[in-house]
Amino acid sequence: MSKLWNYFEKKNWKAKTKYQVVSVFLAFAFSLIGLILWLIISPFFLSTLDWMICFIGYPFFGALIFVFFYSCRFEFHDGTPNK
């Protein structure tokens with residue numbers, strides 16, 4: 001997480017944009033992991049679309065909460081990064 005955070009900290013964007021990009025990136029990454037997990041186990045059990053939505057949806061919102069808590073400790077800065 002810190003490598004991703006530092007990568008976006010180096011960008012010359014406003015802090016709000018950095019938070020939005022990281023939130024969306026992690027939300028889709030976690031949802032993709034949930035989808036892959038569901039595709040692996042769906043032939044054996046939990047094969048309905050309701051379960052697919054659960055495996056995709058909960059990680060999506062969990063990632064947004066995760067970014068919020070992580071940003072409480074490590075903040076983004078506007079403009080150029082601190083040296």
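Just one of (1) open to solvent by less than 100 Å² (accessible area, probe 1.4 Å); (2) in contact (Cβ under 8 Å) with a residue 40 or more places away in the chain fails for Gly34. It is (2). Answer with yes or no whether Phe28 is outside any helix (DSSP H, G or I), open to solvent by 80 Å² or more (accessible area, probe 1.4 Å) and free of Cβ contacts under 8 Å to residues at least 60 places away in the same chain. Judged against the criteria, Phe28 is not a match.
Out of curiosity, is Ile53 modelled with pLDDT of 95 or more, more than 14 Å from the chain's Cα centre (by Cα) and of a type outside the set (Ser, Thr, Tyr)? Spell out how you get there, then give the answer.
Values: modelled with pLDDT of 95 or more: no; more than 14 Å from the chain's Cα centre (by Cα): yes; of a type outside the set (Ser, Thr, Tyr): yes.
No.
Go through the stretch 38-63 residue by residue and tally those that are exposed (fewer than 14 other Cβ atoms within 10 Å of the Cβ) and within 22 Å of Leu26 (Cα to Cα). The number of residues fulfilling the criteria is 6. Each residue in the stretch 66-79 was checked for being free of Cβ contacts under 8 Å to residues at least 60 places away in the same chain and surrounded by 11 or more Cβ atoms within 10 Å (Cβ to Cβ), and 4 of them qualify.
The values are calculated or read from the model by the stated rules, or taken from the named source; none is laboratory data. Here the structure is a predicted model, which is why all the values come from computation and not from measurement. Using ideal geometry, Cβ is built from the backbone for each residue, glycine included, and neighbour counts are taken over all protein chains shown. To get the accessible areas, we keep the full protein, side chains included, count just its heavy atoms, and leave off ligands, DNA and RNA. Shrake-Rupley method; radii C 1.70, N 1.55, O 1.52, S 1.80 Å.
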